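*Asks:* Just passing along the structure, written as structure tokens.
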Amino acid sequence: MMAAARGHYDVYNLLVSEGADLSLTDVDNKDCLMLASEGGNMSIVKHLLSLKIFDINRQGGVFRQSAVMVAAVEGHDVVYNLLVSEGADLSLTDVDNMDCLMLACERGNMSIVKHLLSLKTFDINRQRSSNRQSAVMMAATSGHYDVYNLLVSEGADLSLTDVYNMDCLMLASEGGNMSIVKHLLSLKTFDINRQRSSNRQSAVMMAAVSGHCDVYNLLVSEGADLSLTDDNNMDCLMLASERGNMSIVKHLLSLKTFDINRQRSSDRQSVVMMAAARGHYDVYNLLVSEGADLSLTDKFNKACLMLACEGGNMSIVNHLLSLKTFDINRQGGFNRQSAVMMAAASGNYDVYNLLVSEGADLSLTDKFNKDCLMLACEGGNISIVEHLLSLKQLGQGQRGLEEYITFAEEWFNQKIMNLVRSSSSR
């Protein structure tokens, strides 16, 4: 079954010759034919079909898909054609109410989509159960322009919206295909500032989040409102800074209309805090040069230094330490951890080493009484664990090395476990 799923014909053939049972199914009720259709090897699929023991329309897997549906999903057009020639039922739908046309459009296989449309038996505007997206919406989301264009030429309804009130323009902006976005804008039928129901983001906000500069610029040139905020009180500058897109951030800052120190609702982080937390040095540096306030703390009392240590960008951490304005041992976050504890937990040795050289207190414990060694075992960086063990001040008194061994065992980290064990025997 593994060989069939991965298309390894020689291995499959050898196993069959040795008496492998081809009638078995896996935990999701997938048989060898389904798995082979997924793997895409024609020789394996041909052999299985020649046995005449498989129900070609059997449905299995998490999504209850048949062999031909799996082939459509994976874009194996040769396997798909073979299954169709053998009588595969193309009218079946899966657990999400998706048919073969939808599956092929989502994955962008033109050959399969063309064949299915030629049958004239599919409802081109059918919407799947989970998010109410149609075939053309899926093509727009995935950026499959040829498939999108074909569906439009066949009369696909572009006015439909999904369960989150997202229309094709929003989905295309998120997907990032310029040709699709241009076509939709040219229709003059879309509200460019429409906001989806789930998080209240508009098309230009989605483009900013996804870092699609060309799409973002096009939407701005068409009058997209950059002052909108989403349900987390995040504006376009925040969204672009969090994702690290310099081009978009530069443009937004040039407008001089954004409060650079605005803090979002959920965790009270500002744009420079988001950039630090995600290690976007260029964006961080630009925001600092524009006057971003580095003294702000978030909802959990985490300062920029802590967030930068989590993000792991050495240049950002170096800059913040050079300011000499941060308490290196400040503890914050839900777990009440210090910067060096966060670096240890993240397994970032360079940042950890820098903080130690700057005098970080390694004896601190967090809200759950975890010390740096425990957090380093969790983070999995051997160099950090070795350094902490070398200090000989850890694992003493009430907390013995056995406790660290147990903790390493909990994280299934054999290397760390062996290292702590060897330390305890010395």
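Per-residue answers, yes or no, for (1) touching a strand residue (DSSP E or B) at 6+ places or on another chain (Cβ under 7 Å); (2) hydroxyl-bearing (S, T, Y); (3) on the phi > 0 side of the Ramachandran plot; (4) not assigned by TED's automatic domain parsing to the domain that holds V45:
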residue	(1), (2), (3), (4)
V84	no, no, no, no
A88	no, no, no, no
S91	no, yes, no, no
L103	no, no, no, yes
N109	no, no, no, yes
S118	no, yes, no, yes
D123	no, no, no, yes
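*Asks:* Another question, if that's okay. Can you work out which of the residues in the stretch 98-110 that are in contact with a Ser or Thr (Cβ under 7 Å, 6 or more places away or on another chain) and either under 17 Å from V45 (Cβ atoms) or crowded, with 19+ Cβ neighbours inside 10 Å (or both) is modelled with the lowest pLDDT?
*Replies:* E106
*Asks:* Against the condition surrounded by 19 or more Cβ atoms within 10 Å (Cβ to Cβ), in contact (Cβ under 8 Å) with a residue 12 or more places away in the chain and either out of contact with any Lys or Arg (no Cβ under 6 Å at 6 or more places or on another chain) or not hydrophobic (A, V, I, L, M, F, W, C) (or both), how does V62 come out, does it pass?
*Replies:* Criteria not met by V62.
*Asks:* Further, regarding this structure: Return the pair list, or none, for Cβ contacts closer than 9 Å from residues in the stretch 209-224 that are touching a residue at least 40 places away in the same chain (Cβ under 8 Å) to residues that are basic (K, R), at least 6 apart or on different chains.
*Replies:* Close Cβ pairs satisfying both conditions: L218/K182.
*Asks:* Related question: How many of the residues in the stretch 144-159 are over 13 Å from S173 (Cα atoms) and part of a loop (DSSP other than H, G, I, E, B)?
*Replies:* Final tally of qualifying residues: 6.
*Asks:* Do we find that L151 is surrounded by 16 or more Cβ atoms within 10 Å (Cβ to Cβ), more than 30 Å from L92 (Cα to Cα) and touching a residue at least 24 places away in the same chain (Cβ under 8 Å) in this structure?
*Replies:* no
*Asks:* Only one of V95, V70, V113 is among the hydrophobic types (A, V, I, L, M, F, W, C), modelled with pLDDT of 95 or more and in contact with a Phe, Trp or Tyr (Cβ under 6 Å, 6 or more places away or on another chain). Can you tell me which?
*Replies:* Only one candidate qualifies: V95.
*Asks:* Just to verify a result, which residue in the stretch 370-407, among those that are in a loop (DSSP other than H, G, I, E, B) and within 32 Å of the chain's Cα centre (by Cα), is modelled with the lowest pLDDT?
*Replies:* Top of the filtered list is G380.
*Asks:* To continue, here is another question. Would you mind stating whether T141 is assigned to a helix (DSSP H, G or I), of a type in the set (V, I, T) and within 17 Å of Q195 (Cα to Cα)?
*Replies:* yes
*Asks:* Still on this structure: Do you know which residues across the stretch 15-61 are β-branched (V, I, T) and either at pLDDT below 95 or part of a helix (DSSP H, G or I) (or both)?
*Replies:* Of the residues in the stretch 15-61, the ones β-branched (V, I, T) are 16, 25, 27, 44-45, 53, 56.
Across the stretch 15-61, the qualifying residues are V16, I44, V45.
*Asks:* Mind telling me which of the residues F300, F368 ends up being outside the structural domain of N245 (by TED's automatic domain parsing), within 24 Å of L239 (Cβ to Cβ) and surrounded by fewer than 17 Cβ atoms within 10 Å (Cβ to Cβ)?
*Replies:* Just a single option satisfies the conditions, and that option is F300.
*Asks:* Quick check on L90: is it closer than 20 Å to G39 by Cα and either of a type in the set (A, V, I, L, M, F, W, C) or in a helix (DSSP H, G or I) (or both)?
*Replies:* yes
*Asks:* Just to confirm my filter: which helices (runs of 4 or more DSSP H) fall fully inside the stretch 237-330 and include at least 2 residues that are under 30 Å from S363 (Cβ atoms)?
*Replies:* Where helices (runs of 4 or more DSSP H) fall fully within the stretch 237-330 and carry at least 2 residues being under 30 Å from S363 (Cβ atoms), they are 271-277, 304-311, 314-322.
*Asks:* Those residues that are part of a helix (DSSP H, G or I) and either under 26 Å from the mean Cα position of the chain (by Cα) or aromatic (F, W, Y) (or both), I need them from the stretch 221-236; list them, please.
*Replies:* C236
*Asks:* What residue, of S130, S91, is out of contact with any helix residue (DSSP H, G or I) (no Cβ under 9 Å at 6 or more places or on another chain), surrounded by fewer than 19 Cβ atoms within 10 Å (Cβ to Cβ) and touching a residue at least 12 places away in the same chain (Cβ under 8 Å)?
*Replies:* Among S130, S91, only S130 is out of contact with any helix residue (DSSP H, G or I) (no Cβ under 9 Å at 6 or more places or on another chain), surrounded by fewer than 19 Cβ atoms within 10 Å (Cβ to Cβ) and touching a residue at least 12 places away in the same chain (Cβ under 8 Å).
The values are calculated or read from the model by the stated rules, or taken from the named source; none is laboratory data. Given the structure is predicted, the values throughout are model-derived calculations rather than measurements. Here Cβ is always computed from backbone atoms with ideal geometry, including for glycine, and neighbour counts include all displayed protein chains.
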